[in-house]
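K.L.:
Take this structure, written in structure tokens, and hold onto it; I'll ask about it next.
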Amino acid sequence: MTPEPGMVLWVALGSRLPPGHEQSGERPALVVGVPGKLGVPRFPMLLVAPITSFAEQSWALRSPGLYPVMQAGSASLPRASVVLLDQLQSIDIRRVLRWFGTLSKQQPRDDALSGWPSRGASTRKRASRNAQSEPGGPTEAREAGSARDFASAPEGR
């Protein structure tokens, strides 16, 4: 399986300093970039945004473009979650522990991946769209994959 933007992977993020300000440990992360699609990278890397659970945090509600909310069931996430676009990380593909899910075409994929208003849409409109998406929306059904599956997958799969 080849990693694609929009996939949610279970990854092992390294420890961070100072502790408590940056996401670390094993957690879901949204793939936002695959350097191998732009050329031949020196190392197999992915650009990911960590995901954390959403409990109506005020910081996420104030900045929905920076912290898009994913409803429970989106990309097979068991609970409502927030994508932390302010904590993008480049990770070695060997940090991928397994495939978790993929955003469906019905989910606000472009907004979640960009973090910025698209085509002149206001933040308020985007937040309203995110709030109206149905929990448990369809996701692509695939078997769970490991880092080896990603590293050994032939290009174009």
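The values are calculated or read from the model by the stated rules, or taken from the named source; none is laboratory data. The structure presented is a predicted model; accordingly, all values stated were derived computationally and were not measured. Here Cβ is always computed from backbone atoms with ideal geometry, including for glycine, and neighbour counts include all displayed protein chains.
K.L.:
What pairs come up if the first residue lies in the range 93-113 and is buried (at least 19 other Cβ atoms within 10 Å of the Cβ), the second is of a type in the set (Val, Ile, Thr) and at pLDDT below 90, and their beta carbons are under 7 Å apart, counting only those six or more places apart or on different chains?
P.N.:
If the second residue must be of a type in the set (Val, Ile, Thr) and at pLDDT below 90, the pairs left are GLY101/THR139; THR102/THR139.
K.L.:
Among the residues of the range 48-80, how many are in a loop (DSSP other than H, G, I, E, B), among the aliphatic types (A, V, I, L, M) and either surrounded by 18 or more Cβ atoms within 10 Å (Cβ to Cβ) or in contact (Cβ under 8 Å) with a residue 60 or more places away in the chain (or both)?
P.N.:
Qualifying residue count for the region: 2.
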